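Here's the structure, in C-alpha cells; my notes come after.
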Amino acid sequence: MKSAIRYTVAGLLLLVPSVASAVECRSVEGRWGNVRVSAVRQVEVIGRTIFVTGTFAGKVSAPRTLSCVPGDNGVSCEARFGPLVVLIMSEGTRLFESVVDLSIAREQVNLTYQCDGKIRM
C-alpha cells in the first residue's frame with residue numbers, strides 16, 4: 001500500500017509544471033549617478049519571483065529577490081529595500097535594471113544588459 005502511494009505521489013509530481021528559467025546577463029550600458037559602470041547578473045525565475053545575484057562595478061552585489069508579473073515578451077519586477085526601489089524589466093534577451101532612492105527622489109543606477117537567453121515565467 002505504501003509503495004502504491006509513493007508511485008502515485010511521484011507520478012503527480014511529474015505532472016505539476018515547474019517553470020524555472022535561469023540566464024546570465026552582461027551589461028552593455030550602465031551608469032551609477034554620472035559614472036559609467038559594468039555589471040554581470042545571474043537571474044533565475046521561479047514562479048512569480050526573480051532571484052538576482054552577480055557583480056556590480058567589480059564587486060559582488062547583495063542577492064536580491066523581487067516579485068514579478070509576466071509581460072508580452074518578458075517580465076516586470078519590483079522590490080523595495082529601505083528607501084531604495086529596485087526595478088527589473090526584461091524584453092526578449094534584454095534586461096533593464098533601475099534603482100531609485102526615494103529619500104532624494106532620484107534614480108541612482110540605470111543598467112541595460114544583454115542576456116544569454118530569454119527571461120520568462
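The values are calculated or read from the model by the stated rules, or taken from the named source; none is laboratory data. Values in this document were obtained by computation on a predicted structure and should not be read as measured data. Here the Cβ positions follow ideal geometry from the backbone for every residue, glycine too, while neighbour counts run over all protein chains shown.
Quick one: is V100 surrounded by 15 or more Cβ atoms within 10 Å (Cβ to Cβ), over 14 Å from S27 (Cβ atoms) and in contact with an Asp or Glu (Cβ under 8 Å, 6 or more places away or on another chain)?
Numbers: surrounded by 15 or more Cβ atoms within 10 Å (Cβ to Cβ): yes; over 14 Å from S27 (Cβ atoms): yes; in contact with an Asp or Glu (Cβ under 8 Å, 6 or more places away or on another chain): yes.
When the stated conditions are applied, V100 passes them.
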Legend entry - Number of positions in segment 65-74 that are under 15 Å from S90 (Cβ atoms) and modelled with pLDDT of 95 or more: 4
Inset, instruction - Can you tell me which residue within segment 66-96, out of those that are among the β-branched types (V, I, T) and closer than 15 Å to M121 by Cβ, is surrounded by the fewest Cβ atoms within 10 Å (Cβ to Cβ)? - result: V69
Legend entry - Selection from segment 79-121 of residues that are farther than 14 Å from W32 by Cβ, of a type in the set (D, E) and touching a strand residue (DSSP E or B) at 6+ places or on another chain (Cβ under 7 Å): D116
Inset, instruction - Please name all residue pairs, on different chains or six or more residues apart, with Cβ atoms under 6 Å, provided the first residue is in segment 76-89 and is at negative phi and free of Cβ contacts under 8 Å to residues at least 24 places away in the same chain and the second residue is surrounded by fewer than 16 Cβ atoms within 10 Å (Cβ to Cβ) and not in a strand (DSSP E or B). - result: P83/L102; P83/S103
Inset, instruction - Just give me the residues in segment 32-58 being closer than 22 Å to R106 by Cβ and not aromatic (F, W, Y), in sequence order. - result: G33, N34, V35, R36, V37, S38, A39, V52, A57
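Inspect segment 99-107 for any residue being in contact (Cβ under 8 Å) with a residue 24 or more places away in the chain and part of a strand (DSSP E or B) and give the result as yes or no. Please lay out each step first, then the result.
Of all residues in segment 99-107, those in contact (Cβ under 8 Å) with a residue 24 or more places away in the chain come to none.
Within segment 99-107, none of the residues are in contact (Cβ under 8 Å) with a residue 24 or more places away in the chain and part of a strand (DSSP E or B).
Taking the conditions exactly as written (farther than 19 Å from V23 by Cβ and not hydrophobic (A, V, I, L, M, F, W, C)), does D101 satisfy them or not?
Numbers: farther than 19 Å from V23 by Cβ: yes; not hydrophobic (A, V, I, L, M, F, W, C): yes.
Yes; evaluated as a whole, the condition is true for this residue.
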